[in-house]
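Derivation of every value follows stated rules applied to the coordinates shown; laboratory data play no part. Model, not experiment: these values are computed from the prediction. We place every Cβ from the backbone using ideal geometry, glycine too, and count neighbours over all the protein chains shown.
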C-alpha cells in the first residue's frame, strides 16, 4: 500500500534519518525535461506525515558530480545532535549543517590533496569521525584533525612515513 508520493527533480541515492520527522537525502539533481543527471544534491524531507511527504530544503553542489557516500554508507558522517552532515566528494571532504530556518549551510571544505597524484591515488577513501571536540578526516595516507567548533586545521599524522 502506498501512503504518499513525492515528485521532485533528481533522486536520492542515500537516505538517512536526521531528526524527528526529517529524512536526509544525498543524490543527484536532474533536468526535468531531458532527465540528464547533474550535480550532487542534498535534500531534507519532512516525513512526519507519511501521506504528505515534502522536500523542505535542497542544495545543489555545483561542479561536484560524485561522492562515494552515494553508494557506501560508511563514507558519510551524520549526527543531528552535533548538526553535522559530512562526506567525501571528488578529493574533498565537505561539511554541512542544517536548520529548518536556513536549510543547508556549508561549514567547511577540507582538501587534503597536495598534487594531482594524491587525488587519484591517496584520497579516494576519505572517512570522517569525531572524538570529543575534534573531527578527524582519514585517508589512505594521513589522519588530519580539525576543531569541531571552527573546522580549523589542528594537526596531521602522515601515514606514508
Worksheet item: Taking other Cβ within 10 Å of each residue's Cβ, how do 77, 94 sort, fewest first?
Response: 77, 94
Worksheet item: Arranged by the count of other C-beta atoms within 10 angstrom, fewest first, what order do 160, 100 take?
Response: 160, 100
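Equivalent ellipsoid semi-axes for the chain, as square roots of 5 times the alpha carbon gyration tensor eigenvalues: give them largest first, rounded to whole Å.
So the equivalent ellipsoid measures 30, 19, 12 Å along its semi-axes.
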Response to the item:
Final fewest-first order of 44, 156 on the 10 Å Cβ neighbour count is 156, 44
